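**Student:** Pasting a structure below so you can have a look.
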């Protein structure tokens, strides 16, 4: 199963979810693959250093990521698409209507309600830490749900 995490720029939230989920799934030997993309991603926007630091503290070593723009090909090849906000979900479905049935917010899919995951871009390290804590909990819950399928 291929899971795609989506945010705006593919520099923070979707990247944290992507690499953390990949690390967890590998540790549990789950047959899942993960990727991430941004609705407005641009390859020249640098990755905040805190993203690599947070992932390294979880065991994700040698992290390198270049933002990936959303494409129809990515949407088509994904079995499940998890966005960070309801607005991103709506924007993705507006661009790719056929993705509606396989798209949810990460919080929705995890069963945590309908809240958005706040964008930490440009904020302090503590804010990134708080956002990553939410992402980790939601990713763990999503993987538990996928294991039952």
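The values are calculated or read from the model by the stated rules, or taken from the named source; none is laboratory data. Remember, it's a predicted structure, so these values are computed and weren't measured experimentally. Every residue, glycine among them, receives a Cβ derived from its backbone with ideal geometry; neighbour counts consider all protein chains shown.
**Student:** So which pairs qualify, if the first residue must be in segment 108-131 and at positive phi and free of Cβ contacts under 8 Å to residues at least 60 places away in the same chain, the second must be part of a loop (DSSP other than H, G, I, E, B) and crowded, with 17+ Cβ neighbours inside 10 Å, the Cβ gap must be under 9 Å, and the two must be at least 6 apart or on different chains?
**Tutor:** 122/48
**Student:** Let me ask you something else. Please state which of the following conditions residue 29 fails to meet, knowing it meets all the rest: (1) at positive phi; (2) modelled with pLDDT of 95 or more.
**Tutor:** So the condition that residue 29 fails would be (2).
**Student:** State the number of residues belonging to segment 113-134 that are out of contact with any strand residue (DSSP E or B) (no Cβ under 9 Å at 6 or more places or on another chain) and either farther than 11 Å from residue 84 by Cβ or in a helix (DSSP H, G or I) (or both).
**Tutor:** So the count comes out to 15.
**Student:** With the condition being without any contact (Cβ under 8 Å) to a residue 60 or more places away in the chain, I'd like the strands (runs of 3 or more DSSP E) fully within segment 1-94 carrying at least 1 qualifying residues.
**Tutor:** 33-38
**Student:** Being modelled with pLDDT under 95 and farther than 22 Å from residue 23 by Cα narrows it down to one of 69, 97, 46, so name that one. Steps first, please.
**Tutor:** Working: 69 fails: modelled with pLDDT under 95; 97 fails: modelled with pLDDT under 95.
None of the others qualify; the one that does is 46.
**Student:** Now a separate question. Any residue in segment 105-112 that is under 18 Å from residue 9 (Cα atoms) and touching a strand residue (DSSP E or B) at 6+ places or on another chain (Cβ under 6 Å)?
**Tutor:** Looking through segment 105-112, at least one residue is under 18 Å from residue 9 (Cα atoms) and touching a strand residue (DSSP E or B) at 6+ places or on another chain (Cβ under 6 Å).
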